[in-house]
């Protein structure tokens with residue numbers, strides 16, 4: 001994602017909350033998830049079909065559910 005676009009989008013995202021219980025896997029960086037979202041929208045693929053180079057879990061799309 002171009003830096004200029006990221007600078008516009010970044011303030012719109014909520015801050016990540018700390019996990020009080022600890023453990024689990026580390027959160028995927030917002031910039032990486034945003035780039036993956038743009039990829040899905042531009043290419044029309046399903047989230048589960050993202051190339052591995054994004055390093056985004058298939059379950060990331062349901063993290064807030």
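Every number in this text was worked out from the coordinates using simple rules, so none of it is lab data. Bear in mind the structure is a predicted one, so any value in this text is a computation, not a measurement. For neighbour counting, all protein chains shown are included, and Cβ atoms are generated from backbone atoms with ideal geometry for every residue, glycine included.
Just a few scattered comments:
- 12, 5, 50 arranged by Cβ crowding within 10 Å, fewest neighbours leading: 12, 5, 50
- For the range 1-53: rounded, prolate or oblate by the Cα gyration tensor [a/c cutoff 1.5]: oblate
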